[in-house]
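Take a look at the structure set out below.
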């Protein structure tokens, strides 16, 4: 499979069809697993990493027989291809930047992937649209059971699944929900909300997980601990916290509409106008303005722009995606020009009414 084929598609989790999808972009569950017969990845030599990759690939193909999967040797991909997979949330930045034999098995609907030789020997992840953690857990639990029948996981009767990082020991489970929270950012309530979450054993990360920056008002909320509670308890904990954040965001949006509808509409209109008229635009600017437009669509301030289009643009205007879609590598300046063109290709034909395209109109 050529990655260009993926670039033209909209990932299933971006379709905005899941519960609470006006605020919750996606639900993701990840399991960290290691093989009992091998040293952890950071202690393994090149030969051992190669053996792990070969073994896991063969066993995944057996375990997931009947699923349409493609396996990619990440170490053989170009930097651009690796960045493309990171932007698409199919691999982590760590897997992209690691050395030695490593790979990823991808479900062609992009609802799950299995990373090989990341921080742990296996990182299994399932991602679904909207707030859908229970179904995500049921899916990944089935996948994990199938793979465990083929591989001997490192497991301790007292500590549970053994992992390279102590914070993952136990269940090896990371439950995360990606939320779009522009109103909390605008009202400057976001820090207050997140400070309150620290007491509930949840962490807040950026768009691409641990260590990544907050971009486009997207935040990932996930469990902090994996040892002690059961998998169901960890899923339930995050499932209980996220509705509170959704409620805070909805209240903030209501406040913005009630207290300053004209200012809000003007802000959203200007953002839309810039996206539709700019001759060149950076990825950071694009994320910023798309965030405002996405909120505007959800509040009914902009019509004739589909949510799936906006969700897709957040990913497809990232540097690697843009170059894949255009079929060749681009300089930063050329990317900024092509990004502006791409935005207008997808926004202008859909726009028959709503705010003006002129960001400076009165």
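The values are calculated or read from the model by the stated rules, or taken from the named source; none is laboratory data. Model, not experiment: these values are computed from the prediction. Here the Cβ is made from the backbone with ideal geometry for all residues, glycine too, and neighbour counts use every protein chain on show.
Couple of notes before you dig in:
- Residue that is modelled with the highest pLDDT [pool: residues in the range 161-192 that are surrounded by fewer than 18 Cβ atoms within 10 Å (Cβ to Cβ) and under 23 Å from residue 240 (Cβ atoms)]: 189
- So residue 184, is it within 22 Å of the chain's Cα centre (by Cα), not assigned by TED's automatic domain parsing to the domain that holds residue 299 and not in a helix (DSSP H, G or I): no
- Complete set of residues in the range 336-348 that are surrounded by fewer than 23 Cβ atoms within 10 Å (Cβ to Cβ) and in contact (Cβ under 8 Å) with a residue 12 or more places away in the chain: 336, 337, 338, 340, 342, 343, 344, 346, 347, 348
- Some residue of the range 205-226 being in a loop (DSSP other than H, G, I, E, B), over 21 Å from the mean Cα position of the chain (by Cα) and more than 30 Å from residue 144 (Cβ to Cβ): no
- Checking each residue in the range 41-53 for being without any contact (Cβ under 8 Å) to a residue 40 or more places away in the chain and over 20 Å from residue 162 (Cβ atoms) picks out only 47.
- Test: residue in the range 303-312 that is buried (at least 19 other Cβ atoms within 10 Å of the Cβ), closer than 21 Å to residue 91 by Cα and outside the structural domain of residue 130 (by TED's automatic domain parsing): yes
- Applying a threshold of 6 Å to beta carbon distances and a minimum spacing of six or more residues, or different chains, the list of pairs starting in the range 298-310 at a residue that is closer than 15 Å to residue 256 by Cβ and ending at one that is part of a loop (DSSP other than H, G, I, E, B) and modelled with pLDDT under 90 reads 302/354.
- Conditions (1) touching a residue at least 12 places away in the same chain (Cβ under 8 Å); (2) part of a helix (DSSP H, G or I); number of the one not met by residue 38: (2)
- For the range 228-241, residues that are part of a helix (DSSP H, G or I) and touching a helix residue (DSSP H, G or I) at 6+ places or on another chain (Cβ under 8 Å) total 7.
- Top-ranked residue in the range 321-335 [being part of a loop (DSSP other than H, G, I, E, B) and touching a helix residue (DSSP H, G or I) at 6+ places or on another chain (Cβ under 6 Å); ranked as surrounded by the most Cβ atoms within 10 Å (Cβ to Cβ)]: 330
- Hits in the range 31-40 (condition: out of contact with any helix residue (DSSP H, G or I) (no Cβ under 8 Å at 6 or more places or on another chain) and farther than 10 Å from residue 164 by Cα): 36, 37
- Being closer than 19 Å to residue 11 by Cα and without any contact (Cβ under 8 Å) to a residue 24 or more places away in the chain holds for only one residue in 92, 129, 113, and it is 113.
- Just one of the listed residues (158, 144, 191) is touching a strand residue (DSSP E or B) at 6+ places or on another chain (Cβ under 8 Å) and either farther than 30 Å from residue 51 by Cβ or outside the structural domain of residue 314 (by TED's automatic domain parsing) (or both), and it is 144.
- Which numbered condition residue 300 fails, given (1) over 19 Å from the mean Cα position of the chain (by Cα); (2) in a helix (DSSP H, G or I); (3) surrounded by fewer than 18 Cβ atoms within 10 Å (Cβ to Cβ): (2)
- Search result, residues across the range 97-116 that are in contact with a strand residue (DSSP E or B) (Cβ under 9 Å, 6 or more places away or on another chain), under 24 Å from residue 66 (Cα atoms) and not in a strand (DSSP E or B): 102, 108, 110, 111
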